[in-house]
Amino acid sequence: MTIEGKEKVGATGEDSEGGITASYAVDDGVQLKVAYSFFGSIYDDEEKNAAWEAMQQDSLTMGPQVAAFQEEYAKKFGVKHALAVSNCTTGMHLCTQLFQLKEGDEVIITPNTFIATTLVLLKEKVTPVYADIDPKTFNIDPADIARKVTPKTKAIYVVHYGGQMCDMDPIMEIAKKHGLYVLEDCAHAHGANYKGRPAGSIGDVGVFSFHSLKNITTCGEGGMITTNRDEWEKPIEQLRCMNLTEYDPEQRDFTFGDIKMHKVVDGDYSDYWIPAHFDVADVNGYWGNNYRMNEVQAAVGRAQLRKLDMLIEKRQKNARYISEGIKDVKGVNGVYEHPDCKHAYHLYTLTVDPEIYNRDEFLRTLYREHGVQGILHYQPTYHFSGIKKLGITGHCPVAEEFFYRRETNLPMHPRLTQQELDDMVEGIRKTAEKLGG
């Protein structure tokens with residue numbers, strides 16, 4: 001059973017609850033050759049059987065499958081701890097609480113990211129400060145991070161855009177100099193590395209997404225937090241599960257009114273229900289939520305993790321075929337691979353020279369005349385109406401030109417056929433020829 005993700009029923013932007021985040025299918029008469037798929041992986045009998053087996057368990061949430069997935073994930077990504085959560089956004093929100101960020105604090109982030117990276121700060125009334133991006137990798141620019149640090153800065157949130165990691169060494173140097181936390185938003189970065197170090201293993205924490213678009217997916221949603229800090233394992237567990245904890249073993253007696261319950265005393269008989277199954281305690285004054293992963297998701301995630309290397313190899317092969325096919329097209333640039341990085345190709349970002357092409361005309365011709373559906377990632381976050389309403393601004397001219405004048409993202413996933421790859425190359429070449437390249 002291979003799920004191709006090409007034919008969607010009830011998945012258009014108009015009739016799906018996710019709207020434009022669930023599909024880019026539109027009824028405009030265009031005959032598509034290569035649609036932008038919202039399924040970024042490959043499912044077969046391994047995932048189907050894993051899900052069915054998990055459904056036979058007594059426990060369907062936070063049980064043995066989650067425990068095994070966490071252990072296998074930590075080993076794969078070279079970290080001491082991996083803790084599953086409901087999605088990447090909730091994981092980043094949890095880490096924002098873990099860092100004890102509060103109103104008046106500032107966090108330096110990229111404007112070239114999904115709104116979630118800013119949203120987790122706004123939920124704790126933390127001020128996002130936007131640093132500009134590198135014009136070749138589209139990742140946050142360490143030099144601009146350094147310029148944006150103030151006495152209010154408490155952390156740096158980096159996003160490994162498109163599957164290529166940020167320049168982490170200078171970022172970690174800045175963090176060390178100023179005593180800042182570093183969160184790696186690894187939503188795009190399964191299978192990526194920087195100087196041989198996997199995504200999510202360099203900063204204080206890494207947070208991954210298993211959304212249906214991502215390089216591996218756990219039934220459409222899911223996330224994972226990675227860290228090498230032993231002291232954070234228990235707080236993360238509490239914040240993802242409503243602050244539940246065990247009673248302090250030193251608390252041997254529990255009194256309620258005239259009822260005195262005897263807890264555990266070494267050598268004495270102990271009842272497992274006394275004084276209660278669990279305690280509830282804050283984490284440095286912060287209260288978590290239900291951010292747990294269920295067992296079916298974890299079982300599917302384990303199957304996906306075993307396929308990760310194969311999936312990334314397919315993405316790399318597809319991406320490099322496109323790049324080779326358009327390398328001589330004037331004013332059109334394929335993806336730049338930094339020599340320090342292994343690119344996982346979550347996205348294939350095509351850019352055009354705005355002195356030669358109008359980006360929207362290029363995208364329109366590629367779509368309407370050649371049936372190749374591109375999309376845009378990401379509008380500078382500080383341009384959204386809700387962010388402007390809060391009085392939050394930014395000055396990132398490279399990111400602004402990138403989004404409004406230079407970029408589009410081509411379909412990129414491991415199920416692309418040779419015909420679809422050839423159609424994309426031909427469409428780009430003919431579009432450039434028509435528009436003057």
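Computed from the coordinates by the stated procedures, all read-outs in this text should not be read as laboratory data. Here the structure is a predicted model, which is why all the values come from computation and not from measurement. So basically every Cβ, Gly included, is an ideal-geometry build from the backbone, and we count neighbours across all protein chains shown.
Would you mind pulling out the separation of the Cα centroids of the stretch 104-155 and the stretch 194-247, in Å?
What the calculation gives is 20 Å, centre to centre.
Scattering from the C-alpha atoms of the stretch 320-395 alone, worked out with Debye: what is log10 I(q)/I(0) at q = 0.18, 0.20, 0.22, 0.26 1/Å?
Debye output, listed in q order: -0.93, -1.03, -1.11, -1.25.
Translational D (Stokes-Einstein, µm²/s) of the chain at 4 °C and 1.567 mPa s when Rh comes from the Kirkwood sum over C-alpha pairs?
Roughly 56 µm²/s, to the nearest whole number.
Kindly provide the helix-only [θ] at 222 nm of the chain, computed as the sum of -39,500 (n - 2.57) over DSSP H runs of four or more divided by all residues, to the nearest 500 deg cm²/dmol?
Calculated mean residue ellipticity at 222 nm is -9500 deg cm²/dmol.
Taking square-rooted eigenvalues a ≥ b ≥ c of the alpha carbon gyration tensor, is the stretch 18-125 rounded, prolate or oblate, where a/c under 1.5 means rounded and, failing that, a/b exceeding b/c means prolate?
It comes out oblate by the Cα gyration axes.
Residue by residue, what Karplus-based ³J(HN,Hα) values in Hz, rounded to whole numbers, does the stretch 27-39 have, using 6.51, -1.76 and 1.60 with θ = phi - 60° and x for Gly and Pro?
Residue by residue, the stretch 27-39 yields 9, 10, x, 6, 8, 6, 9, 9, 7, 7, 7, 9, 10 Hz.
I need the phi-derived Karplus couplings for the stretch 283-296: 6.51 cos²θ - 1.76 cosθ + 1.60, θ = phi - 60°, integer Hz, Gly and Pro marked x.
For the stretch 283-296, the Karplus curve yields 10, 6, x, 9, 10, x, 7, 8, 10, 7, 9, 8, 5, 5 Hz.
Could you tell me whether the stretch 296-437 comes out rounded, prolate or oblate from its Cα gyration tensor? Rule is a ≥ b ≥ c as square roots of the eigenvalues, rounded for a/c under 1.5, then prolate if a/b exceeds b/c, otherwise oblate.
Here the stretch 296-437 falls in the oblate category.
Name the residues whose placed amide hydrogens come within less than 5 Å of the amide hydrogen of residue 81, ignoring near sequence neighbours (fewer than 5 apart) on the same chain.
The list, which skips near neighbours in sequence, is 227.
May I ask you to evaluate 6.51 cos²θ - 1.76 cosθ + 1.60, the Karplus curve with θ = phi - 60°, for each residue of the stretch 384-393 and list the ³J(HN,Hα) values in order in whole Hz, giving x for glycine and proline?
5, 4, x, 6, 4, 4, 7, x, 8, 10
Among 39, 278, 403, what is the fewest-to-most ranking by other Cβ atoms within 10 Å?
Ordered from fewest to most neighbouring Cβ atoms within 10 Å, 39, 278, 403 come out as 278, 39, 403.
Could you tell me how many degrees, from 0 to 90 and to the nearest 10, lie between the Cα long axis of helix 64-76 and the main elongation axis, the longest principal axis, of the Cα atoms of the chain?
Between helix and principal axis, roughly 60 degrees.
When a footprinting reagent is the concern and you count Cβ atoms within 10 Å, what order do 312, 156, 326, 356 take, fewest first?
Ascending number of Cβ neighbours within 10 Å: 356, 326, 312, 156.
Can you give the log10 of the normalised intensity I(q)/I(0) at q = 0.18 Å⁻¹, computed with Debye over equal Cα scatterers of the stretch 173-231?
Log-scaled intensity ratios, in q order: -0.66.
Going by C-beta contacts inside 10 Å, put 105, 258 in order with the fewest on the left.
258, 105
Collect residues whose amide H, placed 1.01 Å from N in the peptide plane, falls under 5 Å from the amide H of residue 61; neighbours closer than 5 in sequence don't count.
Distant-sequence amide H within range of residue 61: 295.
With labels modelled as points extended 7 Å from the Cα through the Cβ direction, what inter-label distance (nm, one decimal) is found for residue 68 paired with residue 258?
In this crude spin-label approximation the distance works out to 5.3 nm.
Could you pull out every residue, at least 5 positions away or on a different chain, whose amide H is within less than 5 Å of the one on residue 205? Hs are placed 1.01 Å off N in the peptide plane, and Pro or chain starts have none.
Correct list: 182, 184.
Using 17 Å as the cut-off for backbone N distance, which residues of the stretch 98-113 belong to the label zone defined by a point 7 Å from the Cα of residue 376 along Cα→Cβ?
111-113
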